[in-house]
Amino acid sequence: PSLGKLQDYPDSIQQITDNQQAAYELWIKHCAVAGQSDEGFTHLNTQWGPLKSTQNTFESRSHDANTFSHVMALAALYKGMMLYVQKQDPTVSIGCAASEAFKESTLFLPSFEQLQKYEKAAIHEGLGDDDVYHLALNAVDLASSYLPQDEKKFLKPLYEKLRSRSNFSDQIRDFAEKHHFEKLGKLIPGSEAVIRMHVADTYQHDLHKEK
């Protein structure tokens, strides 16, 4: 679990490298204890958090099980943020309320402790949590203001989710509830396959829609 959780803000690129090296060494130790081979593992592939450094770029892992339109939306979000940093070279201030995060003149960010709190709220409440909602909305608005005009469209799925304050998990839950697949807190036998097909159909529909 320690290799997949959020990592504290790094002070430098070197610290990112050092953190990944430490994660790699920890993984190798776990392999030895479990009597498993460590062949093929490096410091570039033994950290499974939402964002990690890899060869000449950063790898985002948090949307790899989502629809194509949302994968593209996250890429556009990162690009907009990157353009903002490159053009404005903002001062970074750590420690703010969610509603104040990602303001333009100074890049206000929540503290790592606050970020962990928001992560937990996002897991349990999603965009229904006010802090999570404001944090996400401010991030998307800031990225949108720096994207080229013809690329702002890629953020549309994020704005739709913000408008409804729901996410893909909520849609899957709503589908299960609509078809009465839940009983006493558990899915009824056989419903899992129907839900999986619904998710697959959602992926397929999203691909055709994006074409």
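The values are calculated or read from the model by the stated rules, or taken from the named source; none is laboratory data. What you are looking at is a predicted structure, and each value in this text was computed from that prediction instead of being measured. Quick reminder, even Gly has a Cβ in these numbers, built from the backbone with ideal geometry, and neighbours come from all protein chains shown. Note: areas computed on protein heavy atoms with side chains; ligands, DNA, RNA excluded. Shrake-Rupley method; radii C 1.70, N 1.55, O 1.52, S 1.80 Å.
Treating each Cα of region 1-56 as one equal point scatterer and applying the Debye formula with no solvent, the log10 of I(q)/I(0) at q = 0.29 Å⁻¹ comes out as -1.28.
Of the residues Asn138, Pro157, Gly128, the one whose Cα sits farthest toward the positive end of the charge dipole of region 128-176, with +1 on the Cβ of Lys and Arg and -1 on the Cβ of Asp and Glu, is Pro157. For region 92-143, the carbon plus sulfur part of the accessible surface works out to 52%, probe radius 1.4 Å. Basic side chains Lys and Arg get +1 at the Cβ, acidic Asp and Glu get -1 at the Cβ, and with that the dipole of the chain about its Cα centre reaches some 500 debye. Think of the chain as a dipole: +1 on every Lys or Arg Cβ, -1 on every Asp or Glu Cβ, centred on the Cα centre; then among Pro10, His180, Tyr118, His180 lies furthest on the positive end. Probing with 1.4 Å while keeping every protein chain in the model, the per residue accessible area of region 1-96 equals 65 Å². May I ask you to give the percent of accessible area on region 146-211 that is carbon plus sulfur, with a probe radius of 1.4 Å? Accessible surface attributable to carbon and sulfur in region 146-211 totals 58 percent. Name the residue farthest towards the positive end of the dipole of region 81-131 from the options Leu109, Ala98, Met81, assuming +1 on Cβ of Lys and Arg, -1 on Cβ of Asp and Glu, about the Cα centre. About the Cα centre, the residue reaching furthest to the positive side is Met81.
Max-minus-min Cα coordinates of region 126-184 on each principal axis give 48, 25, 12 Å, with the largest extent listed first. Remark: the Glu182-Met82 segment gains 31.7 nm on full extension, using 0.36 nm per residue and subtracting the alpha carbon distance.
Computed with every protein chain present, the accessible area of Ile123 is close to 120 Å² [probe 1.4 Å].
Global dimensions of region 1-100 from alpha-carbon coordinates: Rg and Dmax equal 16.4, 50 Å.
Partner aspartates and glutamates whose Cα lies under 20 Å from the Cα of Lys29, excluding those fewer than 8 positions away in the same chain, are identified as Asp18, Asp38, Glu39. Here the simple spin-label model places points 7 Å from the Cα toward Cβ, and for Tyr203 and Asp141 these points are separated by 3.5 nm.
DSSP bridge analysis restricted to region 1-155 gives an antiparallel fraction near 50%, rounded to the nearest 5. Within the straight-line cut-off of under 23 Å between alpha carbons, the lysines reachable from Lys153 are Lys79, Lys87, Lys103, Lys161, Lys209, Lys211, sequence neighbours fewer than 8 places apart in one chain being disregarded. Accessible surface of region 1-68, 1.4 Å probe: 53 percent of it comes from carbon and sulfur atoms.
Of the trypsin sites (Lys or Arg not before Pro) found in region 102-168, not one falls in a DSSP loop while having at most 13 other beta-carbon atoms within 10 Å. Think of a 1.4 Å ball rolled over the protein heavy atoms: region 104-211 then has 66 Å² of accessible area per residue. A convex hull fitted to the Cα coordinates of region 63-211 yields 122 cubic angstrom per residue.
By a 1.4 Å probe calculation restricted to protein chains, Leu187 has an accessible surface near 80 Å², given to the nearest 10. Of the GluC sites (Glu not before Pro) found in region 96-196, those that fall in a DSSP loop while having at most 14 other beta-carbon atoms within 10 Å are Glu104. Charge dipole of region 42-129 (Cα centre as origin; +1 on each Lys and Arg Cβ, -1 on each Asp and Glu Cβ, all else neutral): 180 debye, rounded to the nearest 20.
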